[in-house]
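Engineer: What follows is a single structure, and I will ask about it in a moment.
The values are calculated or read from the model by the stated rules, or taken from the named source; none is laboratory data. In this text the structure is predicted, and so the values were computed from the model without any measurement. Methodologically, a virtual Cβ is constructed for each residue, glycine included, from the backbone with ideal geometry; neighbour enumeration extends over all protein chains shown.
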There are 2 protein chains.
Amino acid sequence: MSEPVGLRARKKARTRDAIADAAISLFLARGFDQVSVSDIAAAAEVSKPTLFRYFPTKEDLVLHRFADHNGEAARVVGERRPGTAPIAALHQHFRAGLDRFEPVTGLNDHPEVVAFHRLVFGTPSLAGRLLQYMRDDEDALAAALDPGVRGRLLAAQVIAVQRVLARTNWQKIAAGRTARDVHPEAVADADLAFAQLGRATNHL
Amino acid sequence: MSEPVGLRARKKARTRDAIADAAISLFLARGFDQVSVSDIAAAAEVSKPTLFRYFPTKEDLVLHRFADHNGEAARVVGERRPGTAPIAALHQHFRAGLDRFEPVTGLNDHPEVVAFHRLVFGTPSLAGRLLQYMRDDEDALAAALDPGVRGRLLAAQVIAVQRVLARTNWQKIAAGRTARDVHPEAVADADLAFAQLGRATNHL
DNA sequence: GTTACCGAGTTGCAAAAGCAACCTGGTAAC
DNA sequence: GTTACCAGGTTGCTTTTGCAACTCGGTAAC
């Protein structure tokens, strides 16, 4: 079940975590622009080149958590069970994310996660780079759906829907409500949105 | 005052400590011969070749603490203040060691130190290697004292005296007495021994 | 307006570590 | 007695890291 990780792999993972943790905690404490990558490297007890070997840019120190979900939509479509419509598979996957209160869905009220969201959306360069991530995700999804314009159009709509759903959830959380409390509405919203999307698919 | 240690040096020191600590604690728990170097490497999260890069033999995993004192006698003689006799300098240094309850003097009743002594003297290969360390120390001291036979003879006596003094202290500790309680006797013994040694020097 | 500094990111090289496979001597099984 | 295994220690090669010095764009001082 568990891959037999050697010392090398284990230490790499630990280094990566040390860097990411140091970065996030410094960013949350002082703000993105008030922390230099050298500060982070020092806090993680790592040299600057090593830091950049793990994370290509300063922004990625924050956004790697989103990066982990990169291409997920495309994967969900690619690995769906035969007979399942792409939209249905994506719907199901998003629904599962809500049930697990995954941060990407916006439906998570842990203080750290809330602070993290505030950091990302309150820092222009981060929000900007996040858009780029989403565009990449969209491209991959488009390719998985349909090589033509139809794929591109549908992918754009799917990503847009997911973004709106996450943002809606997040705003309710930011207003002080609990994730558990918001959950039913989030599910209803998702059902509504994906149903519309399904109809759009048929129309195209 | 403090050398500016870089990341490299800091991590090396940490690795070395991790290996040494893992080794000692395993040895104390199960006995020297019941622990393989692979066990130690695994416990320290280090590969076997790395372990041997830090410690040339299994014995050195235990004895590096003595190794830290290697050449100390020679150094004390070499760096003594002008006008001080070699024996006087060595006497003074041993006395200072007693006052600090340094483990090398045998005058230390911390449970870990006691267990450590028991480990060393209860394991033949360790005791054997320890002798070799003392011989090296003796050679260095001989060179520092006098290049001829006189140096060799005197060095041998100094080392022998230190060994007997340490062993005497250690036996009293092993019998259950406290280091603080034994201290005056230890000082008296040392004064006696080094006084004899001083007279011997004049005779030669 | 140029000069100096700072922070992001890069480059080339040397040190350290991991890994797998090996050698050697001892000892237990058969 | 030979065969197999185990533990101590080694070897060659690769990956990872540190380090110092660099580029480049921005910005503050003068």
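Engineer: Among B:167, B:180, which is of a type in the set (D, E, K, R) and within 16 Å of residue B:121 (Cα to Cα)?
Structural biologist: It is B:167.
Engineer: Looking at residue B:9 and the list (1) within 23 Å of the chain's Cα centre (by Cα); (2) of a type in the set (Gly, Ala, Ser); (3) within 14 Å of another protein chain (Cβ to nearest Cβ), which single condition is not satisfied?
Structural biologist: Here residue B:9 meets the rest and fails (1).
Engineer: Another question, if that's okay. Considering only residues that are under 18 Å from residue B:15 (Cα atoms) and assigned to a helix (DSSP H, G or I), look in segment A:17-55 and name the one that is farthest from DNA strand C (Cβ to nearest atom).
Structural biologist: By that ranking, first place goes to A:18.
Engineer: Let me ask you something else. For the condition exposed (fewer than 14 other Cβ atoms within 10 Å of the Cβ) and closer than 22 Å to residue B:169 by Cβ, what is the one hit in B:103, B:111, B:56, B:82?
Structural biologist: B:111
Engineer: Could we say that residue A:66 is surrounded by 16 or more Cβ atoms within 10 Å (Cβ to Cβ), away from every other protein chain (no Cβ under 14 Å) and at pLDDT 95 or above here?
Structural biologist: It is false that residue A:66 is surrounded by 16 or more Cβ atoms within 10 Å (Cβ to Cβ), away from every other protein chain (no Cβ under 14 Å) and at pLDDT 95 or above.
Engineer: Please tell me if residue A:9 is surrounded by 14 or more Cβ atoms within 10 Å (Cβ to Cβ), without any contact (Cβ under 8 Å) to a residue 60 or more places away in the chain and within 15 Å of DNA strand D (Cβ to nearest atom).
Structural biologist: The answer is no for residue A:9.
Engineer: Conditions: (1) at pLDDT below 95; (2) within 20 Å of residue A:89 (Cα to Cα); (3) buried (at least 16 other Cβ atoms within 10 Å of the Cβ). Residue A:165 meets all but one. Number of the miss?
Structural biologist: Answer for residue A:165: the failing condition is (1).
Engineer: Go through B:171, B:162, B:92 for me and flag whichever is over 27 Å from residue B:201 (Cα atoms) and either out of contact with any Leu (no Cβ under 8 Å at 6 or more places or on another chain) or in a helix (DSSP H, G or I) (or both).
Structural biologist: Result of the check over B:171, B:162, B:92: B:171.
Engineer: Keeping to segment B:17-39, report how many residues are within 13 Å of DNA strand D (Cβ to nearest atom) and more than 14 Å from chain A (Cβ to nearest Cβ).
Structural biologist: Final tally of qualifying residues: 12.
Engineer: Before we move on, is residue A:14 within 16 Å of DNA strand D (Cβ to nearest atom), out of contact with any Ser or Thr (no Cβ under 9 Å at 6 or more places or on another chain), in a helix (DSSP H, G or I) and free of Cβ contacts under 8 Å to residues at least 60 places away in the same chain?
Structural biologist: yes
Engineer: Within segment B:40-58, is there a residue that is away from every other protein chain (no Cβ under 14 Å), of a type in the set (S, T, N, Q) and within 14 Å of DNA strand D (Cβ to nearest atom)?
Structural biologist: Yes, segment B:40-58 contains a residue that is away from every other protein chain (no Cβ under 14 Å), of a type in the set (S, T, N, Q) and within 14 Å of DNA strand D (Cβ to nearest atom).
Engineer: Turning to a different aspect of this structure: Looking at segment A:174-193, which of its residues are in a helix (DSSP H, G or I) and at pLDDT below 95?
Structural biologist: Within segment A:174-193, A:174 is the sole residue that qualifies.
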